[in-house]
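No value in this document is a laboratory result; all are computed from the given coordinates. Please read all numbers here as calculations on a predicted model, not as lab measurements. When we count neighbours, we look across all protein chains shown, and the Cβ atoms used for this are built from the backbone with ideal geometry, even at glycine.
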Amino acid sequence: MALMSTSTDLGSESSLPGGVDVVTVFAYGQTGSGKTHTMKGLTEYAIDEMIRLGIGCNYFVSFYEIYGGRCFDLLNGGRKV
């Protein structure tokens, strides 16, 4: 089963009411296995593709770490959420 769409699958029509599309990606694995590196590259690629295809919209990105039953905001100094 494919979990990602290719650039040819991206369109300008929203699939949710109000013109909002949401993408959620979960990365899990052992500490130091490259999750953050992978997610950074994926985010940059996706936004670059949307700009290249002329899909005008606002982009909001959040990175959270869930560790030991606690949630941390990685884009806000690692503060506990």
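Tell me yes or no: at least one residue of the range 34-43 is over 13 Å from the mean Cα position of the chain (by Cα) and free of Cβ contacts under 8 Å to residues at least 60 places away in the same chain. Among the residues of the range 34-43, at least one is over 13 Å from the mean Cα position of the chain (by Cα) and free of Cβ contacts under 8 Å to residues at least 60 places away in the same chain, which makes the answer yes. Looking only at the range 33-65, residues that are touching a strand residue (DSSP E or B) at 6+ places or on another chain (Cβ under 8 Å) and outside any loop (DSSP other than H, G, I, E, B) come to 2 in all.
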